[in-house]
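**Q** Below you'll find the structure I mean.
The values are calculated or read from the model by the stated rules, or taken from the named source; none is laboratory data. For clarity, every value in this text was computed on a predicted model and none was experimentally measured. Positions of Cβ are backbone-derived with ideal geometry, glycine not excepted, and every protein chain shown enters the neighbour counts. Note: areas computed on protein heavy atoms with side chains; ligands, DNA, RNA excluded. Shrake-Rupley method; radii C 1.70, N 1.55, O 1.52, S 1.80 Å.
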Amino acid sequence: MTETLFDKVAIVGLGLIGSSMARGIKKHGLSTTVIGFDGSPDVRARSRELGFCDAIAESAEEAVANARLVVLAVPVGAMEAAAQSVAPHLAEGAIVTDVGSVKAAVVRQVGPVLPDHAVFVPGHPVAGTEYSGPEAGFAELFEGRWYVLTPCERSTAAGIEAVEALWRGLGSTIEQMTPEHHDIVLAMTSHVPHLIAYNIVGTAAELETVTQSEVIKFSAGGFRDFTRIASSDPVMWRDVFLSNKDAVLEVLGRFSEDLAALQRLIRWDDGQALQDRFTRSRAIRHSIIDAGQDTADADFGRPHGHDD
Ligand code: NAP
């Protein structure tokens, strides 16, 4: 058991990330009490049954009363509304943090809504799965994963320290960057790869010359791995693309140019250039395994988490 950091933590939004945080905080004894709240009555009822919080509040007001730390774990497009619902009820000096996959838009939307007596420490756990909802969460989700802290003008040194201590307690390694830099890095490593997966699954679904049953039957040829990513939560990903528009369009522009270059190499039968490019890609895969961000095991349908 690690040190108890807080008397009371409130988590608003009890999906994959919120419920995993609650489970992790309880597992490691990081807070004496964890209170959850979700906008959906059905999610509140299911969360109560699962029992990963000490209590599930019936309102945002009840959840955040006297909480030292308030976590906003709702889709990026709902961050502003969630912040508005907690703002009038925050304790003096409360620390508000969020887990949104996009940072600059959240900083713009949440910061101004919070009262002067509260601090805001935005951040993003780069850990997730393609599942959503309170049943999908587990305490170990953040262990060995990166947590990107993106301080803004509403952050204080004490607030940053408290949020860092929380994520260290959950098993994450912390890196700090600006919200804008976070958004371009994640556009490259997460957002555009998800868009490519959504696109290729869409293409396969509409291809006239190949039947649906053939696509499913022969999916282990590569397609299957895209379908896992493309089964990620539609609401969350809609919000990510709309909120990180500029960075996504920038990376997508580069991607399209590089794809066109590959197309040309195939048309011109330039085997050597193709081989050189694929060799460089393989080296990146090896670097990811060496950095402990994946295993080298062959993936024959085993459970395989991914990071958002
Ligand atoms: P999720 O499983 O869909 O859960 C989000 C929950 O928030 C839903 O139960 C939703 O209820 C509720 N909610 C929406 N608006 C609310 C509001 N104003 N007040 C209270 N509750 C509200 O989502 P998630 O995967 O945990 O993602 C949460 C956040 O973490 C997102 O910002 C996402 O970008 C970020 N994130 C996700 C991953 C990942 O892999 N999933 C990884 C890292 C970070 P309704 O369904 O009724 O709207």
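**Q** Just order 228-240, 283-295, 21-33, 94-106 by mean Cβ neighbour count inside 10 Å, highest at the front, would you?
**A** 94-106, 21-33, 228-240, 283-295
**Q** What is the extension gain from residue 289 to residue 188, computed as 0.36 nm multiplied by their sequence separation minus the C-alpha to C-alpha distance, in nm to one decimal?
**A** Extra length available between residue 289 and residue 188 comes to 34.5 nm.
**Q** In debye to the nearest 20, how big a dipole does the chain give about its Cα centre with +1 on each Lys and Arg Cβ and -1 on each Asp and Glu Cβ?
**A** 360
**Q** Quick one: with all protein chains in place, what share of the accessible area of the stretch 122-169 is carbon or sulfur, to the nearest percent (1.4 Å probe)?
**A** The C+S portion of the solvent-accessible surface of the stretch 122-169 is 53 percent.
**Q** Out of the total accessible area of the stretch 181-301 (probe 1.4 Å, heavy atoms of protein only), what percent is carbon and sulfur?
**A** The C+S portion of the solvent-accessible surface of the stretch 181-301 is 60 percent.
**Q** Leaving out ligands and nucleic acids, note down the accessible area per residue over the chain with a 1.4 angstrom probe, in whole Å².
**A** That works out to 51 Å² for each residue.
**Q** Can I ask one more? Hey, any idea what the orientation-averaged projected area of the convex hull of the stretch 181-301's Cα atoms comes to, in nm²?
**A** The orientation-averaged projected area of the Cα hull of the stretch 181-301 comes to 9.5 nm².
**Q** Considering the dipole of the stretch 30-117 built from charges on the beta carbon (Lys and Arg +1, Asp and Glu -1) around the Cα centre, which of 94, 115, 104 is farthest to its positive end?
**A** 104
**Q** Which lysines, if any, have their Cα less than 23 Å from the Cα of residue 27, not counting same-chain residues under 8 positions apart?
**A** Partners found: 8.
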